[in-house]
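Structure, as structure tokens:
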Amino acid sequence: MRKPMYLSPTALKLFYDNRDDYYLQYLSDTKTSRMRQTEPMAVGSAFDAYVKSYLVEKLIGKQPEFEFNTIFEAQVESQNRDFALEAGKIVFDAYQKQGALADILLDLEGCIGKPRFETAIQGYVSAVSVAIGDVPLLGKPDIFFITKKGARVIFDWKVNGYCSNYNVSPKPGYVRIRTNDKTNGDRHNKATVLEHNGIKIAVTHPLCEVEKDWAAQLSIYAWLLGEEVGAKFITAIDQIACAKDEFGQRKFRVAQHRAIVSEKFQYNLFEKAHKAWYAIQSGHPFDFLTKEQNDLHCKQLDEMANHPPSQDFMELVR
């Protein structure tokens, strides 16, 4: 059985969502091929390359690791590049046209010191009040910055619905929305927005109540950047929700989410990461089975990995 070096937010989610898939992807001695990047994933990665390379050059100057081609080729798989190059630019242009790019640029220009743009961070995180022992984690945060009033902000982008046949609505609780109609600038109608250390946050909508996966991802990023488990850092997400009008023309709304992640959610998340890590390291990843049953199931999965179905079949049945 292989032993991974760390847990990422994606790996941790898979461990609890589908233990068999986690074993096959990360633990089996026979490595299985990972699912190919989908077009929706590629659009988000291409947009990320456009926006991140733009901001780094504006705020810091040219940095080789943050040049567009470097990020794009690292994040977008070859089969998607022609499509994603155009689609990512369409999303970036909409993001800029609606004023959301200017919003984040203004925040970053007003922060203490230079904002941190990261490609990947690996480190050990501990929380003695939750569990004894640390957990090695890996994250790829987009931006971390500190406001002049001391707010510590973890920022990320989400592109939803570009390839969908249905219209995607923004998640509730945003503090501001950027559109091309009369709702531009409005907060969500159920959000109570107050200022917290210079940043307006939705106090009625902690991120863990808006979208748990987003909250888990950004909490892990925050911990890796030095925040204590349970701390009141601010999570900031610009969600680009894509839709089409009655004529089939694309429309974009940028919902700006600014919120904290509750202390309870963070403690529970760390506890889950701690439990998963020590189950994996003990050779007993299927900890809901006896050790004998675990070993037998691992053997069965290894045999499956040695005789895998075709990639096309796997994608068909997912």
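The values are calculated or read from the model by the stated rules, or taken from the named source; none is laboratory data. This is a predicted model, so every value here is computed, not measured. Here Cβ is always computed from backbone atoms with ideal geometry, including for glycine, and neighbour counts include all displayed protein chains. Remember, those area values only see protein heavy atoms, side chains included, never the ligands or the DNA or RNA. Shrake-Rupley method; radii C 1.70, N 1.55, O 1.52, S 1.80 Å.
State the number of residues belonging to segment 113-128 that are open to solvent by less than 40 Å² (accessible area, probe 1.4 Å) and without any contact (Cβ under 8 Å) to a residue 24 or more places away in the chain.
Initial filter on segment 113-128 (open to solvent by less than 40 Å² (accessible area, probe 1.4 Å)): 115, 117-118, 121, 123, 125, 127.
Narrowing the set further to residues that are without any contact (Cβ under 8 Å) to a residue 24 or more places away in the chain leaves none.
So the count comes out to 0.
If you go through segment 66-80 and keep only what is surrounded by 14 or more Cβ atoms within 10 Å (Cβ to Cβ) and farther than 19 Å from K140 by Cα, you end up with just N80.
Identification of helices (runs of 4 or more DSSP H) wholly contained in segment 220-318 with 2 or more residues that are hydroxyl-bearing (S, T, Y) and at pLDDT 95 or above yields 263-281.
Against the condition among the β-branched types (V, I, T), in contact with a Pro (Cβ under 8 Å, 6 or more places away or on another chain) and crowded, with 16+ Cβ neighbours inside 10 Å, how does I199 come out, does it pass? No. Taken together, the residues in segment 101-112 that are under 15 Å from A151 (Cβ atoms) and open to solvent by less than 60 Å² (accessible area, probe 1.4 Å) amount to 5. In the set (1) closer than 29 Å to P64 by Cα; (2) open to solvent by less than 80 Å² (accessible area, probe 1.4 Å); (3) touching a helix residue (DSSP H, G or I) at 6+ places or on another chain (Cβ under 8 Å), the condition left unmet by G133 is number (1).
So, in segment 142-158, of the ones that are of a type in the set (D, E, K, R) and assigned to a loop (DSSP other than H, G, I, E, B), which residue ends up surrounded by the most Cβ atoms within 10 Å (Cβ to Cβ)? The qualifying residue surrounded by the most Cβ atoms within 10 Å (Cβ to Cβ) is D142.
Scanning segment 275-290 for residues that are surrounded by 20 or more Cβ atoms within 10 Å (Cβ to Cβ) and touching an Asp or Glu at 6+ places or on another chain (Cβ under 7 Å) returns no hits.
Tallying residues that are hydrophobic (A, V, I, L, M, F, W, C), closer than 27 Å to E109 by Cβ and in contact (Cβ under 8 Å) with a residue 24 or more places away in the chain within segment 37-73 yields 10.
Note on segment 14-30: residues that are free of Cβ contacts under 8 Å to residues at least 60 places away in the same chain and part of a loop (DSSP other than H, G, I, E, B) total 1.
Does segment 33-65 hold any residues that are charged (D, E, K, R), loosely packed, with under 13 Cβ neighbours inside 10 Å and outside any loop (DSSP other than H, G, I, E, B), and which are they? Those that are charged (D, E, K, R), loosely packed, with under 13 Cβ neighbours inside 10 Å and outside any loop (DSSP other than H, G, I, E, B): K58, E65. Kindly evaluate W214 against the criterion of being farther than 20 Å from P172 by Cβ and in a helix (DSSP H, G or I). For W214, the condition - farther than 20 Å from P172 by Cβ and in a helix (DSSP H, G or I) - is not met.
If you check G139, G161 for being open to solvent by less than 70 Å² (accessible area, probe 1.4 Å) and either on the phi > 0 side of the Ramachandran plot or among the acidic types (D, E) (or both), only one passes: G161.
Look through segment 167-205, keep the residues that are among the acidic types (D, E) and part of a loop (DSSP other than H, G, I, E, B), and return whichever of them is nearest to I146 (Cα to Cα). Walk me through it before giving the result.
Applying the first criterion (among the acidic types (D, E)) to segment 167-205 yields 181, 186, 195.
Subsequent filtering for residues that are part of a loop (DSSP other than H, G, I, E, B) retains 181, 186.
Values: D181: 32, D186: 25 Å.
The selected residue is D186.
How many of the residues making up segment 245-274 are open to solvent by 50 Å² or more (accessible area, probe 1.4 Å), free of Cβ contacts under 8 Å to residues at least 60 places away in the same chain and either over 29 Å from the mean Cα position of the chain (by Cα) or within 30 Å of I234 (Cα to Cα) (or both)?
Step one: filter segment 245-274 for residues open to solvent by 50 Å² or more (accessible area, probe 1.4 Å), giving 246-247, 249-251, 253, 263-264, 267-268, 271-272.
Of the ones still in play, those that are also free of Cβ contacts under 8 Å to residues at least 60 places away in the same chain are 246-247, 249, 263-264, 268.
If we keep only those that are either over 29 Å from the mean Cα position of the chain (by Cα) or within 30 Å of I234 (Cα to Cα) (or both) as well, we get 246-247, 263-264, 268.
So the count comes out to 5.
Checked against (1) among the β-branched types (V, I, T); (2) part of a helix (DSSP H, G or I); (3) within 30 Å of P4 (Cβ to Cβ), I104 meets all criteria but (3).
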